[in-house]
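> Starting off with a structure, shown below.
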């Protein structure tokens, strides 16, 4: 019998309408297939959706929301006519950009998103306070260890666990009424000449290598002294998860099987959850955010 709960969320960045992809039909099939595979394994999904993707298949997104899938906002500035990544813009600029995106999203689907992920995990110190000001209650902006200046995505030293965001520094825990649920990464393994660490991304490796990473993440989370332990996986709706012969679908299915097997071996209990549900569990566990205090 396990006395350790680990929340597990499967997230999908929905961006098939991006100019280099421009295939809304593929995006729709990928979303439906991904959700079906994950839900069949008893797990939960959060979709992070570009405004253009929301406009391309709103009926499916409303249906999935009714089925219990969380539908959050995703944002790539280049797709909205801007020249750089999110982390290159001031707070006022980000506020205007994201507010417009929220309006486009809600016009398409019929409700406002409550969770948010920036494209490429790009952010700066203004991103969290702007996210809170726009009414989001949870987010998954950070990729701990990522250090990619070209993407304006610098997360070296940021907390790898669920936490309240800081009003002035994206790398600190803080007092914003906004819960950040980081993507899961492996700080011991780096990709692409040291720019980012491995993340738990379905399309990144085959199932054998994913099993190795899952085993490490379960070991780490079990030992982590945090009120809410979580693992957040990632993929994108540019792979046809509705096709049984699709390699990424097969990898996803094996990852789900390996999570169940390895959780039993580690004597931990996996708790299926959306990003919003993990945030709610954190609020219940720690209470309201506390004002930041000067450690000096």
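The numbers here are math on the coordinates, done by the rules we state, and not lab data. Computed from a predicted structure; not experimentally measured. Methodologically, a virtual Cβ is constructed for each residue, glycine included, from the backbone with ideal geometry; neighbour enumeration extends over all protein chains shown.
> For region 129-195, what size does the Cα cloud have along each of its three principal axes, sorted from largest down, in whole Å?
Principal-axis extents of region 129-195 (Cα, largest first): 37, 23, 16 Å.
> Separate question: If you average the alpha carbon positions of region 151-170 and of region 260-285, how far apart do those two centres end up, in angstrom?
Between the Cα centres of region 151-170 and region 260-285 lies a distance of 21 Å.
> Right, something else. Subtract the Cα-Cα distance of residue 65 and residue 245 from 0.36 nm times their separation in residues, and report this length gain in nm to one decimal.
Details: separation 180, 0.36 × 180 = 64.80 nm, distance 2.71 nm.
So the extension gain works out to 62.1 nm.
> Next question, about the same structure. Quick one: work out Rg over Rh on the C-alpha atoms of region 5-286, Rh as Kirkwood radius.
When Rh is taken as the Kirkwood radius, the ratio is 0.93.
> Still on this structure, I have one more. In the Gaussian network model of the chain, springs joining C-alpha atoms below 10 Å, which of 237, 209, 154 carries the largest mean-square fluctuation?
Among 237, 209, 154, the largest mean-square fluctuation in the Gaussian network model of the chain belongs to 209.
> Let me ask something additional. Add -39500 (n - 2.57) for each DSSP H run of 4 or more in the chain, then divide by its residues: what number comes out at 222 nm, to the nearest 500 deg cm²/dmol?
Using -39500 (n - 2.57) per qualifying helix, the result is -11500 deg cm²/dmol.
> Going by C-beta contacts inside 10 Å, put 122, 291, 242 in order with the fewest on the left.
So the residues, fewest neighbours to most, are 291, 242, 122.
> Here's something else I'd like to know. Go ahead and run the numbers for FRET between residue 92 and residue 189, Cβ-Cβ distance against an R0 of 22 Å, rounding to 0.05.
My answer for the efficiency is 0.05.
> I've got another one for you. Could you work out the per residue convex hull volume over the alpha carbons of region 176-265, in cubic angstrom?
Working: hull volume 12.8 nm³, N = 90.
So the per-residue Cα hull volume is 142 Å³.
> Go ahead and set up a Gaussian network model of the chain, Cα springs under 10 Å, then flag whichever of 92, 258, 125 fluctuates most.
Residue with maximal mean-square fluctuation among 92, 258, 125: 92.
> Comparing 257, 118, 17, which has the greatest mean-square fluctuation in the GNM of the chain with Cα pairs linked when under 10 Å apart?
Among 257, 118, 17, the largest mean-square fluctuation in the Gaussian network model of the chain belongs to 257.
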